[in-house]
Amino acid sequence: MEIAPALLEEWLREYYFSAKIDIGSSGVQNFSLAELREVVDINDDELNGVVFDDSPTCGNARLRQAIARQWGNGDPEHVMATHGSSEVIFLVMNALLKPGDEVVALDPCYFSYRNLAEARGCRLKPWPLRFESKFVPDLEELKTLITPQTRLLMVNFPHNPTGASVTAEQQNEIIQAAAEAGAYVVWDTALAALTYDEPPLSDPHLLYERAISIGTLSKAYGLAGLRVGWCQAAPDVIQQFVHLRDYTTLYLSPLVELIAARAIEQADDILRVRLRQARTNLEILADWVDQQGELVEWVRPRGGVTAFIRFCYIRNIEDFCRRYAQEYGVLLVPGHCFSYPSHVRLGFGGPTAKLQEALNHLSHLLRSESTEREFFVAS
Ligand SMILES: Cc1ncc(COP(=O)(O)O)c(C=O)c1O
């Protein structure tokens with residue numbers, strides 16, 4: 001399979017592991033096992049009792065049940081648990097698409113939506129979120145993009161990296177537009193629980209029989225390294241994913257399943273701690289943006305823990321992010337990883353003191369680029 005490079009992962013491979021402070025990632029602060037066990041009830045006997053047998057392809061019964069109860073219609077037959085939501089995206093694109101199919105996907109977007117669809121030989125139609133329009137999704141434009149040839153609409157609200165979102169009415173309108181064309185709606189709910197001024201959206205699988213909702217413990221629940229994601233879909237669709245999984249990861253580890261099931265059963269308790277921190281951090285970031293005056297422009301995120309901001313007088317954002325990483329040890333993600341080279345993705349889900357420290361460094365670096373700024377203004 002020929003597939004485009006995953007620029008975001010390449011950048012993270014280069015800087016994530018060496019960074020002293022991370023304000024590039026798209027999730028909340030990750031938990032240690034001990035911290036998790038302060039919130040979630042997993043005792044030593046249960047951990048010691050894990051036998052490293054094979055597990056069922058779609059996940060063990062307790063895990064599937066937990067997902068179905070927490071986010072779905074209660075029926076575990078509609079659930080498949082996976083190695084992160086990345087695995088679901090791979091399975092969806094490979095099971096449901098064939099060369100020549102039309103795929104409508106948000107732009108910018110998480111790299112795998114676009115790269116996997118193109119690798120399948122599909123015709124990609126971007127649905128743009130424009131900075132100039134404050135990243136407000138244009139539903140009339142979406143309706144012109146969806147045609148009878150559209151096999152799949154790929155959305156992710158609240159959105160990574162812009163923080164854009166939609167109302168419940170708009171969610172219905174989006175689904176209706178896809179339903180009229182008989183298209184699948186693949187809705188990545190990675191950030192669904194992280195909203196600031198409005199309640200989380202309904203799980204799309206509850207709204208439309210051809211909706212496939214994708215979830216993960218990586219972003220809102222601080223368990224990225226546990227590698228647990230899932231999808232909820234009609235059982236016949238899940239069967240198509242099972243067929244492919246027989247050639248890839250087979251099943252999850254029973255140890256991972258135990259921890260994931262307990263975390264999901266108490267998902268709201270885990271979320272509460274990190275959402276409070278994200279709210280505080282968002283206010284700190286908003287104040288910081290105000291203090292930067294004309295140097296920085298942004299659209300305040302409605303959900304998630306990333307903002308897709310602009311440094312107005314920095315000519316080369318990628319070089320700037322490299323300097324920031326090398327001189328200050330801080331990870332930011334340059335916008336070229338999303339094909340938007342004049343933006344940066346700034347993640348505000350981490351520890352508050354670290355965010356403040358990183359923003360102080362960032363103010364200094366932005367100001368020290370003032371010669372470039374004069375050059376940029378003059379040219
Ligand atoms: C919107 C979105 N979806 C899916 C993923 C994949 O995450 P994971 O495989 O850890 O669930 C990411 C990771 O950054 C993401 O930002």
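Just so it is clear, none of the values below were taken in a lab; they were calculated from the coordinates. In this text, all values refer to a predicted model and were calculated from it rather than measured experimentally. When we count neighbours, we look across all protein chains shown, and the Cβ atoms used for this are built from the backbone with ideal geometry, even at glycine.
Quick notes on this one:
- Antiparallel DSSP beta bridges within the stretch 155-255, as percent of all bridges there, nearest 5: 45 percent
- Each helix, a run of at least 4 DSSP H residues, gives -39500 (n - 2.57); summed and divided by the residues of the chain, these come to -13000 deg cm²/dmol at 222 nm.
- Fraction of beta bridges assigned by DSSP in the chain that are antiparallel (%, nearest 5): 45 percent
- Dimensionless Rg/Rh of the stretch 228-297 - Kirkwood Rh, Rg from C-alpha atoms: 1.25
- Within the stretch 1-158, the percentage of alpha carbon pairs spaced more than 23 angstrom apart rounds to 59%.
- For D290 and Y16, a Förster radius of 30 Å and the Cβ-Cβ distance give a FRET efficiency of 0.55, rounded to the nearest 0.05.
- Choice from S133, S18, S218 with maximal GNM fluctuation in the chain (Cα, 10 Å cutoff): S133
- Mean shadow area of the stretch 234-379, taken as a quarter of the surface of its Cα convex hull (nm²): 12.8 nm²
- Sites excluded, GluC sites (Glu not before Pro) in DSSP loops with at most 11 other C-beta within 10 Å, longest stretch of the chain: 3-208
- Spatially close lysines, pair count over the chain: Cα under 26 Å, gap of eight or more or interchain: 9
- With semi-axes defined as the square roots of five times the eigenvalues of the C-alpha gyration tensor, the equivalent ellipsoid of the stretch 175-215 measures 21, 10, 7 Å, largest first.
- With Cα atoms defining each centre, the stretch 92-140 and the stretch 5-77 are spaced 27 Å apart in the structure.
- Listed residues A34, A278, A267, most fluctuating in the chain (Gaussian network, C-alpha, under 10 Å): A34
- Rg/Rh for the stretch 74-143, where both radii come from Cα atoms and Rh is the Kirkwood radius: 1.05
- Cα pair distances in the stretch 276-318, grouped into 10 Å bins until the bin that holds the longest one, percent each: 26, 50, 22, 2
- Taking 0.36 nm per residue of sequence separation and removing the Cα-Cα distance, the N73/Y247 pair yields an extension gain of 59.8 nm.
- For the stretch 314-354, the set of trypsin sites (Lys or Arg not before Pro) satisfying both a DSSP loop assignment and a count of at most 16 other C-beta atoms within 10 Å is given as R315.
- All Cα pairs of the stretch 166-249, percent lying beyond 23 Å: 31 percent
- Cα pair distances of the chain binned at 10 Å [whole percent]: 5, 23, 32, 25, 11, 2, 0
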